[in-house]
1. Of the residues that sit in the stretch 597-638 and are among the basic types (Lys, Arg) and closer than 21 Å to residue 686 by Cβ, which one is surrounded by the fewest Cβ atoms within 10 Å (Cβ to Cβ)?
2. Please determine, by comparing only the residues of the stretch 176-189 that are open to solvent by 40 Å² or more (accessible area, probe 1.4 Å) and in contact (Cβ under 8 Å) with a residue 12 or more places away in the chain, which one is farthest from residue 258 (Cα to Cα).
3. Does the stretch 165-175 contain at least one residue that is under 22 Å from residue 224 (Cα atoms), assigned to a loop (DSSP other than H, G, I, E, B), among the charged types (D, E, K, R) and free of Cβ contacts under 8 Å to residues at least 24 places away in the same chain?
4. Testing residue 131 on (1) closer than 18 Å to residue 173 by Cβ; (2) open to solvent by less than 50 Å² (accessible area, probe 1.4 Å); (3) out of contact with any helix residue (DSSP H, G or I) (no Cβ under 7 Å at 6 or more places or on another chain), one condition comes back false. Which one is that?
5. List the number of the failed condition for residue 223; all other conditions in (1) touching a strand residue (DSSP E or B) at 6+ places or on another chain (Cβ under 7 Å); (2) of a type outside the set (Val, Ile, Thr); (3) surrounded by fewer than 14 Cβ atoms within 10 Å (Cβ to Cβ); (4) outside any loop (DSSP other than H, G, I, E, B) hold.
6. Would you list the helices (runs of 4 or more DSSP H) that sit entirely within the stretch 1-119 and hold 1 or more residues that are modelled with pLDDT of 80 or more, touching a helix residue (DSSP H, G or I) at 6+ places or on another chain (Cβ under 8 Å) and hydrophobic (A, V, I, L, M, F, W, C)?
7. When residues of the stretch 144-161 are filtered for being at pLDDT 85 or above and either open to solvent by 50 Å² or more (accessible area, probe 1.4 Å) or under 21 Å from residue 119 (Cβ atoms) (or both), how many remain?
8. Check the stretch 660-683 and report whether any residue there is assigned to a loop (DSSP other than H, G, I, E, B), open to solvent by less than 60 Å² (accessible area, probe 1.4 Å), modelled with pLDDT of 80 or more and on the phi < 0 side of the Ramachandran plot.
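The values are calculated or read from the model by the stated rules, or taken from the named source; none is laboratory data. None of these values were measured; they are calculated from a predicted model. Neighbour counts are summed over all protein chains in view; Cβ atoms, including those assigned to glycine, are modelled from backbone coordinates with ideal geometry. Protein only, heavy atoms only, side chains kept; ligands, DNA and RNA dropped before computing areas. Shrake-Rupley method; radii C 1.70, N 1.55, O 1.52, S 1.80 Å.
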Amino acid sequence: MKSRSRFRGPKLRIKLLLLFAVVLLVVPWLGYVQLVEMERLLVQGQENTQRQTASTVAFLLHNRVDLFNDLPVQIEDYEHLFARPIDGSIIVDGNPSDWGHDLERNLRTFGNGDGSFDLALGEKINMLFGFVRIRDSQPVYRDPGLVDVTKSDHLQISFKNVEGESEQIVLTFSSPGEATSYRMSKGSNEVEEPITNVGGFLLESENDLVIEFEFPLSLMGTNREFAISFVDVDDFETRETRQIIRTVSDIDSENFNLVVLRSAQTVDLIERLGYVNTRILVVDTQQRKRGETEVSDSPSMGPNIELRPLRGFFRTLRPVLHRVFMGEQFKEPTIEEAEELQTEAIESALRGEPHAVRRISPSGAPSILAAHPVQSQDEILGAVIVEQDIEDILAFQQRAFGQILFVSLLAFFIVIVVALGYSIRLAYRIHRLRRAATRAIDEHGRLKTPSLDAEVRSGDEIGDLARSINNMLDRLHQHQEFLQRMPRTLRHEINNPLNTVSTSLENLKNTSNPDEQERYVQSAQRGVMRIGSIVQNLSDAASLEDALKNEELEVIDIQELVRGYVANLQETRTGMQVVFRGTSGPALAEVSDFHIEQMLDKIIDNAIDFHRPDSPIKIQLDRGREFLQITVANRGPAFKGDWNDVFNSLVSHRPEQSTLHFGLGLFVVRVIAEFHGGNVRAINLADGSGVAICVEIPLVTTSTTSSVETRKTA
């Protein structure tokens, strides 16, 4: 409860800073909402543009049945080598992971036993890739000292060039690793020349050899006549050819052709459109790729290097911003979902329904993919897919985000600095007013000045507060002056009891009747008691401090003073039991003996008013190292309230019927105790059966005693 009562909340400057910080959150919120709306409009415009582009390309392919039907309807019914389109990148290093998860399904086996091989071909925009897995129990690598390159295991590629002439290229290996490629002379095993545009790589494992190669399709004619042979040599000494395993039974057969699923005419047609930074894909009804263009970036396009840190920061921060500002989860398609989204768009287009989706392109950039059907009258021949990244849109958005972030931070900094300066100025003015108000009243609650100088002339609310405090101080000053004039004013009020006393004494002088004399004496006594009580209480309170300033002090034995005071008290207060217990030895203090007795009078009067009948009032003197303590205790009701309040002026806890008490008795006690350098406190007895008033007064030291004696001698 104590810790909770001490917490009074944050300071004014903290409240202002928090308020401005919350208000400033509106700026990034509005900026982000505007960015999201701008992105939606730009993406929608890009989507409409790509739909139109897909529709235009599809229109060019309408009724071009020849571009879609130049392959057998069922490819599996023909003995051809099929080069399937490759989506990703192929690195010629013998690693099968580049070929995807369906490599084993696409491998075809040629030959039996030792020397047989499995073959898979792939095509990616004018480049043929091959994956050959050979079962060879005894690999024989080429001897660099031999001129004849055929005296070792090697891979032979046979094809017809653009002039229709047969050619052979041999891939040889001196060890596992990169191949050396040679063009062979026609009709012989002699090397014609090495070539560099046909490459290969051999990787040796425990059970077989893996050869991966690349071959430009531009070397072949339009018929794409193509064959592969593996020449197996097992004898290291003779290096004679043991067997040749071919993909055709006769190397000169005209029936064995390479089938590339892409159509050269289709590729040429869509490449001539000249779309920049755009991927165009044409598929048939079986979703086989018939044509595809490479994504060519214009020099002005592409990610800005300067924006990459901001882009990464924006992508990391965007889910949080979207959740905070939009109240929903931000979801962007992943690379894993890209293939599913493309398949969904293609299937929709093949049903005759144009479709567009936002996805992640194979390069990892956000893109928009639009698909449109290609028709021939009422028949759907295939679909056109147009994909273009939206990096420029996102770059624009991220630049705008950077500007908004910069402006927000700048505005936040400026407003915080201004708010901090204003709050400091405001807090300074309030503290200045507080100090002025505090200095106007001393520690005893008396006014030191009747008016304020701080903030009184200000026109704002703090000025209003200062003027209100100033008016309050003025009223308190008037009240204080009233209290100071009250003893003199009340002298007029005692004229009635004085007249009563005077009349009673006059009548007493003129009468000899004993009964009347007694009555006049009692009337005069009541008047005197009323006058004494009023004058004594008010006069002491009003003039005590002024009287103490000029009071001379002397060193006396407080124990003898209190003992004599108690003896006189017992003689004058018959019927009241007062018990005194002193200390051993003298208790010397530099005091005014008259005011010490006056202080004891007030304490005893208070004890008599509240003590329980037939119970003694105990006075005890204790001496410590530096202070002596006078304790007056009485049995009676325990006090319930603030102990500090009872020693203030005009405070009384007596019943309202007691009109002759003005709440000045314990105030006089406190003033006298503090004048002598001591203090006073009140406590309830430990058992709750009464109250004790404890007064501490400093003991006199040896140096003080000497100075007092010297002063008296002088």
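1. 612
2. So, considering only residues that are open to solvent by 40 Å² or more (accessible area, probe 1.4 Å) and in contact (Cβ under 8 Å) with a residue 12 or more places away in the chain, the one farthest from residue 258 (Cα to Cα) is 176.
3. Of the residues in the stretch 165-175, the ones under 22 Å from residue 224 (Cα atoms) are 165-171.
If we keep only those that are assigned to a loop (DSSP other than H, G, I, E, B) too, we end up with 165.
Subsequent filtering for residues that are among the charged types (D, E, K, R) retains 165.
Now restrict to residues that are free of Cβ contacts under 8 Å to residues at least 24 places away in the same chain: 165.
Yes, there is a match, as at least one residue in the stretch 165-175 is under 22 Å from residue 224 (Cα atoms), assigned to a loop (DSSP other than H, G, I, E, B), among the charged types (D, E, K, R) and free of Cβ contacts under 8 Å to residues at least 24 places away in the same chain.
4. Going through the list (1) closer than 18 Å to residue 173 by Cβ; (2) open to solvent by less than 50 Å² (accessible area, probe 1.4 Å); (3) out of contact with any helix residue (DSSP H, G or I) (no Cβ under 7 Å at 6 or more places or on another chain), residue 131 breaks only (3).
5. Exception for residue 223: condition (4).
6. 26-61, 103-106
7. First pass over the stretch 144-161, keeping only residues at pLDDT 85 or above: 151-161.
Narrowing the set further to residues that are either open to solvent by 50 Å² or more (accessible area, probe 1.4 Å) or under 21 Å from residue 119 (Cβ atoms) (or both) leaves 151-160.
Residues flagged as at pLDDT 85 or above and either open to solvent by 50 Å² or more (accessible area, probe 1.4 Å) or under 21 Å from residue 119 (Cβ atoms) (or both) within the stretch 144-161 amount to 10.
8. Yes, because at least one residue in the stretch 660-683 is assigned to a loop (DSSP other than H, G, I, E, B), open to solvent by less than 60 Å² (accessible area, probe 1.4 Å), modelled with pLDDT of 80 or more and on the phi < 0 side of the Ramachandran plot.
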